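These notes concern the structure reproduced below.
The values are calculated or read from the model by the stated rules, or taken from the named source; none is laboratory data. Because the structure is a prediction, the values reported are computed rather than measured. Neighbour counts are summed over all protein chains in view; Cβ atoms, including those assigned to glycine, are modelled from backbone coordinates with ideal geometry.
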């Protein structure tokens, strides 16, 4: 059976205490965090949830080493079997959805604010790939199955 995330993706072993940290997160954010089966955390992966926000981690998703998932407002959904790479930053200012089988590369940023007052929901379609060091601004949409290259920016106003 072929892997859903692709042959070029290396999924490292989860942190030794990842399961314990996940249990602690569930306890700390009882009503604001939903965790599916088989969710794995890399070392130093962080999940931050504001009082007015929720986070849903789909079945089998992996949060890489040192990555940060932060829900400021609305619901941040990470779909089943989605991989968030090492030191990637995923922030939902007004809701964010990463579809099933997505890959967010190492050091990528999804949901960052493009400018003052530029906040909106972010949608990343199923099987989309956001390469390392790429940036997707708040309010942007990445189509299902699309590949977004390294060092590219989406949702930013062009320089005048």
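Summary table
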read-out	value
Members of the range 41-57 that are in contact with a strand residue (DSSP E or B) (Cβ under 7 Å, 6 or more places away or on another chain) and either over 16 Å from residue 23 (Cα atoms) or crowded, with 19+ Cβ neighbours inside 10 Å (or both)	41, 42, 45, 47, 49, 50, 53, 54, 55, 57
Qualifying residue in the range 11-26 (condition: assigned to a loop (DSSP other than H, G, I, E, B), closer than 17 Å to residue 130 by Cβ and modelled with pLDDT under 90)	yes
Out of 139, 115, sole residue that is surrounded by fewer than 20 Cβ atoms within 10 Å (Cβ to Cβ), part of a loop (DSSP other than H, G, I, E, B) and in contact with a strand residue (DSSP E or B) (Cβ under 8 Å, 6 or more places away or on another chain)	139
For residue 60: the one exception among (1) surrounded by fewer than 21 Cβ atoms within 10 Å (Cβ to Cβ); (2) closer than 19 Å to residue 45 by Cα; (3) modelled with pLDDT of 95 or more	(3)
Residues of the range 84-112 that turn out to be under 21 Å from residue 56 (Cβ atoms), part of a loop (DSSP other than H, G, I, E, B) and touching a residue at least 40 places away in the same chain (Cβ under 8 Å), as a count	6
